[in-house]
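None of the figures in this text is laboratory data; all of them are computed from the coordinates on show. Keep in mind that this is a model prediction, so the values were computed, not measured. Cβ placement follows ideal geometry from the backbone for every residue including glycine, while neighbour counts extend to all protein chains displayed.
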There are 2 protein chains.
Amino acid sequence: MSQFDNVSVVKKANVYFDGKVTSRTVVFEDGTKVTLGIMLPGEYEFGTGVKEIMDIQAGELSVLLPGNDEWQDITEPTKFEVPANASFKLKVRTVTDYICSYLS
Amino acid sequence: MSQFDNVSVVKKANVYFDGKVTSRTVVFEDGTKVTLGIMLPGEYEFGTGVKEIMDIQAGELSVLLPGNDEWQDITEPTKFEVPANASFKLKVRTVTDYICSYLS
């Protein structure tokens, strides 16, 4: 499925890190949300509220997940999960296109 | 209206200028499209196919419209129209959040 159908999209962007990370909020009929985001090269730390699934559609980056000592390299489309109320770090090497799902 | 309802959203981002300009494609039930985009500071030239309406939601920039000699400063939310099969230039000074509508 290359697109989300029957959704609402918030017009205003979410902007972080001086615009190096931006996203758009998509709301499904059942009220669940995802964000479609872009990360430019850089190093970032994010905190979660609820559990998140990060679906990397394109880009090369490394991720340090909470409780891990080792950075995991991502060089092709993949997904990873981040627990609720946690923080994770990213080193983004190329323009990264992601979908973040919020699970509650 | 702060969001578009009953739309489809393409999952993959549109990426231009090494990611300094990115957008998401939103498709309405009648098949018309808009893109929701972000431009980081920089200078850009764009070409149009069909007529476009650029709705600047946030950001400070200057625009040189086709056939004009003078740059127009944009410091608050505003819209401008670009004719079909034309090119226009932008000098973006702060992170700019826009909606581009395509008229055919």
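Figures for the structure shown
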item	result
Filtered residues of region B:5-23 (kept if part of a strand (DSSP E or B) and either more than 7 Å from chain A (Cβ to nearest Cβ) or under 18 Å from B:TYR44 (Cα atoms) (or both))	B:ASN14, B:VAL15, B:TYR16, B:VAL21, B:THR22, B:SER23
Members of region A:77-101 found to be out of contact with any Ser or Thr (no Cβ under 6 Å at 6 or more places or on another chain) and surrounded by 16 or more Cβ atoms within 10 Å (Cβ to Cβ), listed by number	A:PHE88, A:LEU90, A:VAL92, A:VAL95, A:THR96, A:ASP97, A:TYR98, A:ILE99, A:SER101
B:LEU90 away from every other protein chain (no Cβ under 14 Å) and part of a strand (DSSP E or B)	yes
Counted residues, region A:26-36 - those being surrounded by fewer than 19 Cβ atoms within 10 Å (Cβ to Cβ), within 12 Å of B:ASP5 (Cα to Cα) and either among the basic types (Lys, Arg) or out of contact with any Lys or Arg (no Cβ under 6 Å at 6 or more places or on another chain) (or both)	2
Residue check, B:ILE74 more than 13 Å from every other protein chain (Cβ to nearest Cβ), buried (at least 16 other Cβ atoms within 10 Å of the Cβ) and not aromatic (Phe, Trp, Tyr)	yes
Residues located in region A:26-41, provided they are within 8 Å of chain B (Cβ to nearest Cβ) and either free of Cβ contacts under 8 Å to residues at least 12 places away in the same chain or assigned to a strand (DSSP E or B) (or both)	A:VAL26, A:VAL27, A:LEU36, A:ILE38
All positions within region A:54-71 that are within 14 Å of chain B (Cβ to nearest Cβ) and either outside any strand (DSSP E or B) or more than 25 Å from B:PHE17 (Cβ to Cβ) (or both)	A:GLY59, A:GLU60
